[in-house]
Amino acid sequence: MATWKTNIPEINRVLLQSRGPALIVAAQILINAVKRGLRGGYTSGDFATGTSVNHVTRTDPVAIGDEMKLAVGTNLLYDLMWEIGHHNLYTGRYERVEVWVPALHASAVQMKNAYGAYIKAQLARIRPL
Amino acid sequence: MTKPLDTNSLLGIFRLMRDRIMNFTPQGGGGTIGSLLPGGFQYIQAADGLKTAHAVGRLGFRRENNGLRLEGTLEVQIYARPRSKQEDVEHIADLMQEALLQWADARSGVVFSGGDVRDSLPIFPDPADREVAGVRIVFDVVCWPYYLGKYVES
């Protein structure tokens, strides 16, 4: 008599456990892209100190309901004001230099691929029945 | 779609939404939003050295549905100086949200707006002008524009 076997519970376990690390792998791609964009500063580069680059960071993955989420960002208001625009006292102009959102758009496909590749690698480690 | 009016270009879509906002009079009366923004509502870049209350807007879309449907955002930033004008700026932001509440325009293509995300801007550090008060609203926008739809007209 044939016996039904399944490793679906193991697959589910690996999928759930892999989401967090996979998000971290994807996030690192974005972090690297943002850092490259910030490296030269926002204007001539003469005033770039490396502070913005050193403050690019991420949260830990957090489970919210059925979803796992992670945020990439900075605690520097300076970066926010350049990203969304500000009235500049020295130039007298409205200034805006976007780095974060263009980095996200440019990295989106690579991030998705990296996320998927990590999950796939973890699933490949499950012993076949 | 047979009316090549406002949605015959991306800039046309922006003008359509800007006109809606600037000409809007709230329920209960009072002036239009345009009367509260003497510096105007500019596209992408605010004028240099602007001191009066003004808004800056920008559209961003991705195309879907065989390339005929635009889904994206209208980002609006409202500014005034000095910082004591923060309440005025918040009031203008309230009115803008009212103007686009359940708004849809089908005179040229179809444009409509659903939700939005709104933030009062913090005091930014040097070299930003600390005396500028600001609010940022990002409106969700969906559009079936004429400039794309005309290619599938029978």
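No lab work stands behind these numbers, since they all come straight from the coordinates. Because the structure is predicted, anything quoted here is derived from the model rather than measured. Methodologically, a virtual Cβ is constructed for each residue, glycine included, from the backbone with ideal geometry; neighbour enumeration extends over all protein chains shown.
From zero up to wherever the largest Cα-Cα distance of the protein assembly as shown sits, split into 10 Å bins and tell me the percent of pairs in each.
6, 22, 25, 24, 15, 6, 2, 1, 0
Roughly what angle does helix B:86-99 make with the longest principal axis of chain B, taking Cα atoms, 0 to 90 degrees, to the nearest 10?
Between the helix axis and the principal axis of chain B, the angle is about 20 degrees.
How large is Rg over Rh for chain A, taking Rg from the Cα atoms and Rh as the Kirkwood inverse mean of 1/r across Cα pairs? Please report the intermediate quantities before stating the final value.
Numbers: Rg = 20.6 Å, Rh = 17.3 Å.
With Rh from the inverse mean 1/r over Cα pairs, Rg/Rh is 1.19.
Within 14 Å, Cβ to Cβ, of A:Ile24, how many net charges do the neighbouring residues add up to if Lys/Arg are +1 and Asp/Glu are -1?
+2
Just to verify a number: FRET efficiency for A:Lys112 and B:Ser84, C-beta to C-beta distance, R0 = 45 Å, to 0.05? Intermediate results must be reported in sequence, preceding the final value.
On the way: r = 47 Å, r/R0 = 1.04.
The pair A:Lys112/B:Ser84 has a calculated efficiency of 0.45.
How many nm is it between the label spots at A:Leu76 and B:Ser9, if each spot is 7 Å from the Cα in line with the beta carbon?
According to this spin-label approximation, the distance is 3.8 nm.
Ordered by residue, what ³J(HN,Hα) values in Hz, to whole numbers, does the range B:40-54 give under the Karplus form 6.51 cos²θ - 1.76 cosθ + 1.60, where θ = phi - 60° and Gly and Pro are x?
Once θ is set to phi - 60°, the couplings for the range B:40-54 become x, 10, 9, 9, 6, 10, 6, 5, 5, x, 6, 10, 8, 4, 8 Hz.
Quick one: how many lysine pairs does the protein assembly as shown have with C-alpha atoms less than 22 Å apart and a gap of 8 or more or different chains? Give me the count, please.
Lysine pairs, 8 or more places apart or on different chains, close enough: 8.
For helix B:10-22, what angle does its Cα long axis make with the longest principal axis of chain B, in degrees from 0 to 90 and rounded to 10?
50
How high is the relative contact order of the range B:41-154, in percent, counting Cα pairs under 8 Å that sit 6 or more residues apart?
Normalised by residue count, the contact order of the range B:41-154 is 28 percent.
Any chance you could give the angle, 0 to 90 degrees and rounded to 10, that helix A:100-124 forms with the longest Cα principal axis of chain A?
Once rounded, one gets 20 degrees.
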